[in-house]
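Here the structure is laid out as structure tokens; the discussion comes afterwards.
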Amino acid sequence: MDMFEHRRVRVACVLLVGWVALTVVEWRAEQAPWRTAVVSGFLMACVVAGTWWFVEMTQGLSSRTGRKHRTVGPAADDRPDEGTTE
């Protein structure tokens with residue numbers, strides 16, 4: 001999917017999914033009132049999304065700079081010579 005190539009979309013998805021998951025954990029496991037669980041879940045999800053954003057920034061894999069993942073293949077010296085006779 002092309003939309004996940006953008007960092008802001010990935011961070012927003014992490015924030016949204018984290019908010020829902022952490023709110024449910026606070027509400028069910030911690031027995032917090034619903035309103036408190038929503039606020040606590042949002043604060044914790046912001047920490048998770050901020051960490052996610054920071055990791056992506058420090059890795060330098062930005063869609064804006066045009067850097068893409070490099071595929072690892074055999075080096076030129078490792079390839080057998082083709083078309084040569086001995």
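Some observations on this one:
- Meets criteria (modelled with pLDDT of 90 or more, in contact with a Lys or Arg (Cβ under 8 Å, 6 or more places away or on another chain), in a helix (DSSP H, G or I) and surrounded by 10 or more Cβ atoms within 10 Å (Cβ to Cβ)) for Trp19: no
- The single condition among (1) in contact (Cβ under 8 Å) with a residue 12 or more places away in the chain; (2) farther than 21 Å from Glu5 by Cα that Trp52 does not meet is (2).
- Each residue in the range 22-49 was checked for being in contact with an Asp or Glu (Cβ under 6 Å, 6 or more places away or on another chain) and either open to solvent by 50 Å² or more (accessible area, probe 1.4 Å) or assigned to a helix (DSSP H, G or I) (or both), and 3 of them qualify.
The values are calculated or read from the model by the stated rules, or taken from the named source; none is laboratory data. The structure displayed is predicted, hence computed values, not measured ones. As a convention, Cβ positions derive from the backbone with ideal geometry for all residues, glycine included, and neighbour counts pool all protein chains shown. Surface areas here come from the heavy atoms of the whole protein model, side chains and all, with no ligands, DNA or RNA. Shrake-Rupley method; radii C 1.70, N 1.55, O 1.52, S 1.80 Å.
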